[in-house]
Amino acid sequence: MLEVRDLRVEFHTRDGVVGAVNGVSYAVDAGETLAVLGESGSGKSVSAQAVMGILDIPPGRVTGGEIRFAGRDLLTLGPEERRRIRGEQMAMIFQDALSALNPVLPVGYQLAEMFRVHRGATRKEARENAVELMERVRIPAARQRAGDYPHQFSGGMRQRIMIAMALALSPELIIADEPTTALDVTVQAQVMDLLAELQREYRMGLILITHDLGVVADVADRIAVMYAGRIVEHAPVHELYAAPAHPYTKGLLDSVPRLDRAGRDGGGELPVIRGLPPSLLAIPPGCPFHPRCPLAQPVCRAERPPLYDVSEGRTSACHLWRECIGER
Ligand code: SF4
């Protein structure tokens with residue numbers, strides 16, 4: 001359904017040209033969940049904004065690649081056509097529902113507008129559709145609460161309303177950008193479960209952007225790990241968790257607190273990935289991860305690793321991916 005090929009995005013800043021996305025490729029099928037994982041500045045949100053067509057241009061600019069959706073390259077379409085696809089076939093769920101919703105309009109009205117503008121529904125029909133959607137995302141007393149404003153809902157309930165907005169026009173693809181980051185842990189799990197359930201039911205493709213490995217384990221089919229604007233590992237979720245084929249992925253997995261591991265080493269320190277992600281204005285030569293990598297060799301400083309095929313449907317941008325898998 002969606003195929004992104006060799007996508008490149010730059011930002012022109014006063015300090016120079018920032019290569020935010022440097023040749024990213026992935027695909028998402030109907031009913032499938034791809035998690036895009038990475039630290040801040042890894043390019044995960046920027047690549048999603050390019051897919052949605054909501055990149056700030058300028059300073060951003062797509063400098064290369066293709067974004068094929070339902071057989072068409074979105075980068076060749078005009079703004080009007082992209083807006084139509086964005087409204088009806090793709091939808092986005094943002095991290096901060098409070099700033100994504102209009103604060104001065106009741107949530108029921110905002111939902112109903114989607115049906116009035118895009119489906120030509122009457123006021124009464126649109127209002128009913130809005131209440132149905134609010135029930136669908138399990139807002140208690142939905143009919144009464146349709147007249148409430150965004151600030152009258154809790155964070156978790158607001159995020160449910162964002163999900164309802166995204167589902168309103170039955171899109172084929174939803175991009176959820178850190179949809180649970182601002183929520184308490186227990187509410188996070190409820191919202192993710194709801195999103196996963198609706199995604200299965202509606203057979204939508206879902207791109208889940210996150211920095212949290214805990215969120216993706218139960219809901220994703222595949223994971224693309226990004227670092228310095230590239231995908232460094234791409235794998236089915238269970239294979240990646242069982243044996244990461246890139247030291248960066250391994251570092252991320254090792255730095256997740258685990259009760260069993262704390263017991264084994266007597267509750268010692270949590271492993272961390274030393275150093276910081278590179279500035280995108282000055283990406284290190286060779287492998288961009290080499291200054292932080294515990295396995296780095298001279299070849300890593302000299303040659304940028306290509307995407308090696310690890311197994312079917314699995315790639316790693318590491319010269320030493322075999323050693324990395326063997327370590328676990
Ligand atoms: Fe580490 Fe070298 Fe692999 Fe880069 S290519 S991740 S530096 S081992």
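Here, each number is a calculation from the coordinates, and none is a lab measurement. What you see is a predicted model, and the numbers here were worked out from it, not measured in a lab. Note that we place each Cβ from the backbone using ideal geometry, even for glycine, and neighbour counts take in every protein chain shown.
The C-alpha atoms of the chain define a longest principal axis, and helix 123-136 lies at about 40 degrees to it.
Computed from backbone phi, the HN-Hα couplings of region 271-285 come to x, 10, 8, 5, x, 10, x, x, 5, 6, 7, 9, 6, x, x Hz, rounded to whole numbers (Karplus: 6.51 cos²θ - 1.76 cosθ + 1.60, θ = phi - 60°; Gly and Pro given as x). Based on Cα contacts under 8 Å between residues 6+ apart, the chain shows a relative contact order of 20 percent.
The packing ranking of peptides 291-304, 153-166, highest mean first, is 153-166, 291-304, where packing means the average number of other beta carbon atoms within 10 angstrom of each residue. For Val232, the amide hydrogen comes within under 5 Å of the amide hydrogens of Val225, Met226, Tyr227, counting only partners 5 or more places away or on other chains and with H modelled in the peptide plane.
Per residue, the convex hull spanned by the Cα atoms of the chain amounts to 148 cubic angstrom. Phi-derived couplings, Karplus 6.51 cos²θ - 1.76 cosθ + 1.60 at θ = phi - 60°, listed residue by residue for region 289-299: 8, 4, x, 10, 8, x, 9, 4, 10, x, 4 Hz, with x used for Gly and Pro. A Förster radius of 22 Å, combined with the Cβ-Cβ distance separating Arg5 from Arg274, puts the computed FRET efficiency at roughly 0.05. Taking amide hydrogens as placed 1.01 Å from N in the peptide plane, the amide H of Gly286 sits under 5 Å from those of Arg304, each at least 5 positions away in sequence or on another chain. 3J(HN,Hα) along region 65-80, derived from phi through the Karplus expression 6.51 cos²θ - 1.76 cosθ + 1.60 where θ = phi - 60°, amounts to x, 9, 10, 8, 10, 6, x, 10, 7, 4, 6, 9, 8, x, x, 5 Hz, with x in place of Gly and Pro.
Annotation: amide H of Val36 within the under-5 Å range of Leu208, Ile209, Thr210, Ala224, sequence separation 5 or more or interchain, hydrogens built in the peptide plane. Model label points for Glu66 and Ala217, set 7 angstrom from Cα along the Cα-to-Cβ axis, are 3.8 nm apart. With the crude spin-label approximation of a point 7 Å out along Cα→Cβ, what separation in nm comes out for Ser311 versus Ser99? For the pair Ser311/Ser99, the computed spacing is 4.2 nm. Between Asp56 and Arg84, the modelled label-to-label distance comes to 3.0 nm, taking each label 7 Å out from Cα in the direction of the beta carbon.
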